[in-house]
1. Report whether or not A124 is within 24 Å of Y263 (Cβ to Cβ), surrounded by 22 or more Cβ atoms within 10 Å (Cβ to Cβ) and either modelled with pLDDT under 80 or within 20 Å of the chain's Cα centre (by Cα) (or both).
2. When you scan the stretch 241-360 for helices (runs of 4 or more DSSP H) that lie fully inside it, which ones turn up with 2 or more residues that are under 18 Å from the mean Cα position of the chain (by Cα) and under 25 Å from F447 (Cβ atoms)?
3. May I ask you to verify whether I112 is touching a residue at least 40 places away in the same chain (Cβ under 8 Å), within 14 Å of F335 (Cβ to Cβ) and in contact with a helix residue (DSSP H, G or I) (Cβ under 9 Å, 6 or more places away or on another chain)?
4. Out of A445, A434, A420, A462, I need the residue that is modelled with pLDDT under 80 and part of a helix (DSSP H, G or I). Which one?
5. Can you name the number of the only condition in (1) surrounded by 24 or more Cβ atoms within 10 Å (Cβ to Cβ); (2) within 18 Å of T274 (Cα to Cα); (3) among the small types (G, A, S) that S102 fails?
6. Checking L294 against (1) more than 30 Å from V188 (Cβ to Cβ); (2) at pLDDT 75 or above, which test does it fail?
7. In the stretch 74-99, how many residues are in a helix (DSSP H, G or I), out of contact with any Gly (no Cβ under 6 Å at 6 or more places or on another chain), buried (at least 24 other Cβ atoms within 10 Å of the Cβ) and not charged (D, E, K, R)?
8. Could you check, for the stretch 60-74, whether at least one of its residues is aliphatic (A, V, I, L, M) and modelled with pLDDT under 85?
Amino acid sequence: MQASGQRTPCQKGRGGCTNSDKLKDYRVSKFKPSVAAAVVIANMVGTGVFTSLGFQLLEIRSPLVLLLLWAVGGLTALCGALSYAELGAALPRSGGEYNFLSRIYHPGAGFISGWVSATVGFAAPTALAALTFGSYLGSVFPVVSPIWLATALIIVLTLVHCRSHRSSGSAQSLLTALKLALILGFSVLALSLAHNPQPVAFAPQSGDLTIAVSGAFAVALIYVNYAYSGWNAATYITGELESPQRSLPLVLIASTAVVALSYLLLNFVFLYTTPMDAMAGKVEVGFIAASYILGERGASIMGVLLALLLISTVSAMILAGPRVLHAIGEDFPLFKRLAVVNEDGIPVRAIVLQSLVALVFLWTSSFESILVFAGATMGLNTLFTVLGVFVLRWREPDLPRPYRTWLYPLPPLIFLALTAWTLVYIVLQRPVEALMCLGIVVSGAIFYQISRSLGGMPTNTAGKEGGAS
């Protein structure tokens with residue numbers, strides 16, 4: 001997801017380019033706000049919306065409550081985007097939560113957050129998106145194994161992104177437009193062909209309120225929040241965005257709102273056209289719905305299209321995630337090897353490391369387990385980041401804030417309350433995934449202490465004092 005445009009070649013050394021000043025040669029051009037919005041939407045519209053409903057239906061069968069899940073998830077993401085917009089405008093450096101938490105709390109907090117982002121925030125979703133790609137193609141071509149298709153996709157895209165900068169802002173915008181067009185086109189086609197809709201009632205029913213405040217709703221919200229993950233993607237490229245203080249808030253808010261409306265429409269179509277029993281517990285919900293709407297041949301075409309669009313999702317994650325590892329390598333001497341780039345400015349080692357972690361997730365965990373675990377860990381990461389809005393206002397009231405959260409303090413409070421509610425129920429009802437989440441955080445703390453003992457404190461003052469890049 002590099003900005004398009006000409007780059008001045010870096011002087012090639014024996015170990016590649018590691019100096020931050022040299023890296024600026026590759027960033028002479030900037031992302032336009034429209035491209036940044038495309039990056040956000042492309043990261044959001046991936047695995048979750050085409051798979052989550054199947055797992056939600058295992059516990060919840062009320063159509064209204066299921067749509068309420070997606071509305072609450074959209075509200076949570078929008079409140080998070082409003083909060084991140086203030087932080088991103090005030091602390092305009094690439095790196096997302098790694099930058100924010102290092103600046104607001106402590107370099108150790110930033111390191112753990114970056115560790116979480118690099119391992120779970122990108123590697124786990126990469127595995128999920130690749131497995132969904134394999135599942136959709138496997139539904140159309142049963143002779144091939146979904147997990148081997150997923151493995152091949154990760155390896156091929158890793159090799160592609162380790163060579164040179166081949167993607168441009170216009171290509172990313174085109175892929176994103178195709179995704180949104182597919183959702184809208186599929187929805188319109190499905191509603192126009194649904195001559196015998198399912199006997200479901202979207203009006204309030206007895207017992208809906210009880211379900212909406214239950215633990216099942218809270219756990220299901222993890223699936224939904226995972227589907228919305230990516231709303232903060234623009235903060236990972238803040239340093240390469242044109243006028244970030246002015247454009248970042250609009251990018252985050254507008255992109256999140258567009259995706260929320262798209263998700264509500266798509267899940268309404270699924271419930272309106274397809275039997276719940278047919279989708280319950282299944283990964284390839286989009287393929288199943290298409291088979292009821294378009295028939296076997298139409299479903300095969302839709303399955304292939306969905307699989308092809310997921311390639312861009314996997315590609316975007318393999319491209320964006322290593323930026324965090326690369327930033328850690330620049331700031332922490334012990335991990336300086338991750339800061340090494342090739343003659344074209346590609347952080348090859350960081351890309352390969354993240355892809356290896358993704359393959360470990362792919363081959364060692366079930367789809368649902370990865371989804372819950374990844375959703376809980378990313379929820380914890382964003383929880384402390386949004387809390388940082390209050391901490392930074394208290395500690396540095398005079399810090400220039402080109403954008404202040406609209407309706408403050410409601411958006412961050414709503415986000416914190418909803419996220420904390422889901423995390424509590426994850427601990428109570430999914431203790432294994434909660435322990436996995438704790439393990440990732442503890443491992444990050446251990447590696448931070450090791451890095452301090454063997455390599456010293458961060459060398460980049462931005463990591464400690466929040467300077468803009």
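The values are calculated or read from the model by the stated rules, or taken from the named source; none is laboratory data. Owing to the predicted nature of the structure, the values given are computational and were not obtained by experimental measurement. Glycine gets a Cβ as well: all are built from the backbone with ideal geometry, and neighbour counts include every protein chain shown.
1. For A124, the condition - within 24 Å of Y263 (Cβ to Cβ), surrounded by 22 or more Cβ atoms within 10 Å (Cβ to Cβ) and either modelled with pLDDT under 80 or within 20 Å of the chain's Cα centre (by Cα) (or both) - is met.
2. Here the list reads 285-320, 322-331.
3. In short, yes.
4. Going through A445, A434, A420, A462 in turn, the sole match is A462.
5. (2)
6. (1)
7. Going through the stretch 74-99 one residue at a time, the tally reaches 12.
8. Among the residues of the stretch 60-74, not one is aliphatic (A, V, I, L, M) and modelled with pLDDT under 85, which makes the answer no.
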